[in-house]
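Here the structure comes first, spelled out in structure tokens, and everything after it is commentary.
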Amino acid sequence: MRIKCLIIEDEPIAREVLRDYIGKLDDFKIAGEFENALEALSFMKQNRVDLIFLDINMPQLSGIEFLRSLSHPPKTIITTAHRKYALEGFDLQVLDYLLKPYSFERFFQAIEKYYETLAYPVTLHNIDSPISSTAYLYLKDNRKTYKVYLSDISLIESKGEYVQVRSGKKVVMTRSSLTAIEQLLPNDQFIRTHNSFIVSIDHISAFTASTIEVGETEIPISRKYKNMVMKSLKDAK
């Protein structure tokens, strides 16, 4: 499900910048654009909104007044040319405060703060697409959220309360269980070989009755998973 955003901004150029930046994010969809907060209030009564990009200085109702009027406001990122409103904005628990003009890099830092608020550290996207093209995971590692294509993942290993995902030369450590990630992955492309390991079938370089090699790493096949592993490898030939 894509993240529904609302742009509340009275400056056409500022709306255009946000439209361009949001358009670069696969997971985000602009649900509506409004020049004033009163129009946005009416829209929000009928539609779900996940994230608001909100200007402060607007006619009729300011961004601060708008936020205060909401009993359960969505996550909000303030966009304004006035630094003086920063403290008041953070008092209202906004995610971030973008001072115009801002770069895409600075914009994406604010987006990362949104990802940090999500309930799950791992989310799967574009699973209906072939694995070789666009299916990917978002993996949260400390303060960063990484986009990792399933086709690049070679090995996933349990590390206590964390899971280590190997993707090319990159290794991402995310707080999750191996079972939770296994449920997200297509079972014709990934196999569980052990309580601690999931491997990508496409990245297997060799195997025996008791081990699988992924690159130079040897992975054990436990008795619990042996029959299922051998069947998956046979079907993949």
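Descriptive notes on the structure:
- Hey, Ile64 of a type in the set (A, V, I, L, M) and either under 19 Å from Ala31 (Cβ atoms) or modelled with pLDDT of 90 or more (or both) or not: no
- Tally, over the range 143-169, of residues that are part of a loop (DSSP other than H, G, I, E, B) and either of a type outside the set (Asp, Glu) or at pLDDT 90 or above (or both): 4
- Every residue from the range 24-60 that is loosely packed, with under 15 Cβ neighbours inside 10 Å and among the polar types (S, T, N, Q): Ser42, Gln46, Asn47, Asn57, Gln60
- Residue check, Glu182 free of Cβ contacts under 8 Å to residues at least 12 places away in the same chain, under 19 Å from Leu233 (Cα atoms) and not aliphatic (A, V, I, L, M): no
- Within the range 220-237, residues that are hydrophobic (A, V, I, L, M, F, W, C) have Cβ atoms under 6 Å from residues that are outside any helix (DSSP H, G or I) in these pairs: Ile221/Thr193; Ile221/Ser210; Val229/Ile191; Val229/Thr193; Val229/Ile221, counting only partners at least 6 apart in sequence or on another chain.
- Qualifying residues in the range 95-142 (those that are charged (D, E, K, R) and in a helix (DSSP H, G or I)) - the one modelled with the lowest pLDDT: Glu116
- Positions within the range 1-16 being farther than 21 Å from Tyr115 by Cβ and either surrounded by fewer than 18 Cβ atoms within 10 Å (Cβ to Cβ) or not assigned by TED's automatic domain parsing to the domain that holds Phe66 (or both), in sequence order: Asp10, Glu11, Pro12, Ile13, Glu16
- Qualifying position, being β-branched (Val, Ile, Thr), assigned by TED's automatic domain parsing to the domain that holds Leu95 and touching a Cys at 6+ places or on another chain (Cβ under 9 Å), among Ile22, Ile56: Ile22
- Residues (modelled with pLDDT of 90 or more and among the charged types (D, E, K, R)) located in the range 177-215: Arg192, Asp202, Glu213
- The residues of the range 1-50 that are assigned to a strand (DSSP E or B) and of a type in the set (Phe, Trp, Tyr), listed by number, are Phe28, Phe34.
- Hits in the range 170-203 (condition: assigned to a loop (DSSP other than H, G, I, E, B) and under 23 Å from the mean Cα position of the chain (by Cα)): Ser176, Ser177, Gln183, Leu184, Leu185, Pro186, Asn187, Gln189
The values are calculated or read from the model by the stated rules, or taken from the named source; none is laboratory data. The structure displayed is predicted, hence computed values, not measured ones. Note that we place each Cβ from the backbone using ideal geometry, even for glycine, and neighbour counts take in every protein chain shown.
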